[in-house]
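Report on the structure given below.
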Amino acid sequence: MGINRREFLKIAGISAVAGLGGTSAIDLLRRAPVEASQVSPNPKALTAKRWAMVVDTRKLTEADCKRMIEACHRIHNVPDIGTKQEVKWIWTEEYKHAFPDDMNEFVSDEVKHKPFLMLCNHCDQPACVRVCPTKATYKRADGIVMMDMHRCIGCRFCMAACPFGARSFNFGDPRPYVKEENPKYPTRMRGVVEKCTFCTERLAEGLMPACVEVSNGALIFGDLDDPNSEVRQALRSNYSIRRKPNLGTQPCVYYIV
Amino acid sequence: MYDGGKIITGLVVFIGLVTFPLWSNVGKAAKKPDPKIDTPVIQQLPEKERKCIEPKALMQAEHMKILNDWRDAVVRDGNRIYVSSSGKSFNMSLQKECMNCHSNKKKFCDECHNYADVKPYCWTCHIEPKEKEKVAWASIEENS
């Protein structure tokens, strides 16, 4: 009766091997469900090493800005709430608010009263990405600071971190405030943060960002790493400024004044 | 047995209450879900091309995993083209690709999801197809 020590150790050893390696052996033997499938980027997509935008404020009027804001907000289903809980991807600001680092006591009347087009700066060193606890906000290889709405938990750390006020929080369901839904783009839900994405979904189809498309040449979009790109040529031949450069986030939106 | 009457009555009431879900649902089996694929887009396709991206059995069992993979591939990696096991290419997009054919969310998605009592939260953000009226959406080119 009973088993001796030798038998017991044999059984224990075999059980341990089966327990440790059994599941992986079964997984190996079973065929993976989607074996032949592959994914790839759209061959028509526009690509760059570091996307950037140059805003030629000399060419921009208030009507131009309004047209761009409308185009952007319409195709991205951005709600028009109109209270303190507003959601915005692109908006206008006065010079003194846009460039608070400029210490000059007197600036030209034209610059002083001109509307400046504001949007996410897609910084090289984005503060929002550093603070995001779920990696919902992240920087793509092409420099675009992107959001994964599926991951956003609405903690709003990114809003506190962003020095440019480029991020908006959905305090409530945005759907009732979206006048005309674009069925080709999702809306957002209550409790997530949203911002400009440099139109990644349009770049992926080979289209320029919506605001650039309707800007009549006032906005220039291109690769900052390519010395022959349109943005680099514009920056080479014009004096430009960026918002709050002393913070070291290296914004990729340049303003020609 | 002391208080036999009370105990037995109590037991009968207890068993009756505990088995309530069983006997109250006798003969009332929930209707087997019957998802429909008879949307205009699918019906316009020639008979031979009326196929989903992968075989039907795989789609039934794995569509949720495929959608998750698509989401990560598109959002995180920027890969938007899916080449299926049959070699055909598809645009990985719930709103633009899946729901283009399966425009009948109520009879296609909800039919089984309600039966199985699963509540995927796709539609809190993604816009479900309008099943009755078609809303014409003006492109930016036209309005600019």
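Please treat every number below as a calculation from the coordinates, not as lab data. Here the structure is a predicted model, which is why all the values come from computation and not from measurement. No Cβ is skipped: glycine too gets one built from the backbone with ideal geometry, and neighbour counts run over all protein chains shown.
So what's the projected area for the protein assembly as shown, the Cα convex hull averaged over all directions, in nm²?
About 37.3 nm², averaged over all directions.
Let me see the pair-distance distribution of the range B:32-132: every alpha carbon pair, 5 Å bin width, integer percents in order.
2, 11, 20, 28, 22, 13, 5, 0
Per-residue HN-Hα couplings for the range B:81-95, Karplus 6.51 cos²θ - 1.76 cosθ + 1.60 at θ = phi - 60°, whole Hz, x for Gly and Pro?
Here the 3J(HN,Hα) series is 10, 10, 9, 7, 5, 8, x, 7, 9, 9, 7, 6, 8, 5, 6 Hz.
Run the helix sum for chain B: -39,500 (n - 2.57) per DSSP H stretch of 4+ residues, divided by residue count, reported at 222 nm to the nearest 500 deg cm²/dmol.
Calculated from helices alone, the mean residue ellipticity at 222 nm is -11500 deg cm²/dmol.
Grab the DSSP H runs of chain A that are 4 residues or longer, score each as -39,500 (n - 2.57), total them, divide by all residues and round the 222 nm result to the nearest 500 deg cm²/dmol.
-8000 deg cm²/dmol
If you line up the long axis of helix A:62-75 against the longest principal axis of chain A, both from Cα atoms, how many degrees apart are they, to the nearest 10?
20 degrees
Using alpha carbons only, how many degrees (0 to 90, rounded to 10) separate the axis of helix B:56-75 from the longest principal axis of chain B?
Helix B:56-75 and the main axis of chain B meet at about 60 degrees.
Please turn the phi angles of the range A:224-233 into ³J(HN,Hα) values with the Karplus equation 6.51 cos²θ - 1.76 cosθ + 1.60 (θ = phi - 60°), one per residue in order, whole Hz, x for glycine and proline.
Calculated HN-Hα couplings, in order: 6, 8, 9, x, 9, 6, 4, 5, 5, 5 Hz.
Does the range A:136-217 come out rounded, prolate or oblate by the C-alpha gyration tensor, with a ≥ b ≥ c the root eigenvalues, rounded set by a/c under 1.5 and, if not, prolate when a/b is larger than b/c and oblate if not?
oblate
Could you pull the Cα extents of the range A:111-257 along its three principal axes, largest to smallest, in whole Å?
For the range A:111-257, the Cα spread along each principal axis is 45, 36, 34 Å.
How far apart, in nm, are two points set 7 Å out from the Cα along the Cα-to-Cβ line at A:ARG5 and at B:LYS106?
For the pair A:ARG5/B:LYS106, the computed spacing is 7.5 nm.
Please list 3J(HN,Hα) in residue order for the range A:89-103, calculated via the Karplus relation 6.51 cos²θ - 1.76 cosθ + 1.60 where θ = phi - 60°; whole Hz, with x for glycine and proline.
Per residue, the Karplus-derived 3J(HN,Hα) values read 9, 8, 7, 10, 8, 6, 4, 5, 8, 6, 10, x, 6, 6, 8 Hz.
Take the alpha-carbon centre of the range A:67-116, take the same for the range A:171-247, and report the distance between them in whole Å.
Centre-to-centre distance over Cα atoms comes out at 14 Å.
Long-range amide H contacts for A:ILE144: which residues qualify at under 5 Å (H placed 1.01 Å from N, peptide plane, sequence gap of 5 or more or a different chain)?
A:TRP51
Got a sec? How would B:CYS109, A:CYS158 order by Cβ neighbour count within 10 Å, fewest to most? Could you put the intermediate results ahead of the total?
Working: B:CYS109 19, A:CYS158 25.
Lowest to highest Cβ neighbour count: B:CYS109, A:CYS158.
When DSSP assigns beta bridges and you keep just the ones with both residues in the range A:51-256, what percent turn out antiparallel, to the nearest 5?
80 percent
If neighbour count is taken as other Cβ atoms inside 10 Å, put A:MET159, B:MET99, B:MET59 in order from fewest to most.
B:MET59, A:MET159, B:MET99
With contacts defined as alpha carbon pairs under 8 Å and 6 or more residues apart, what's the relative contact order of the range B:32-132 in percent?
Relative contact order comes out at 36 percent.
Once the Cα gyration tensor of the range A:18-171 is diagonalised, what are the square roots of 5 times its eigenvalues, in whole Å and ordered largest first, as equivalent ellipsoid semi-axes? Working shown, then result.
Details: eigenvalues 372, 71, 53 Å².
So the three semi-axes of the range A:18-171 are 43, 19, 16 Å.
How would you rank A:GLU201, A:GLU194, going from fewest to most other Cβ atoms within 10 Å of each one's own Cβ?
Ranked by crowding around the Cβ, least crowded first: A:GLU201, A:GLU194.
How crowded by other chains is A:175-182, given as the mean number of beta carbons from other chains within 10 Å of each beta carbon?
2
How charged is the neighbourhood of A:VAL257? Take every other residue with its Cβ under 14 Å from the Cβ of A:VAL257, and add Lys/Arg as +1 and Asp/Glu as -1.
Net local charge, A:VAL257 excluded: 0.
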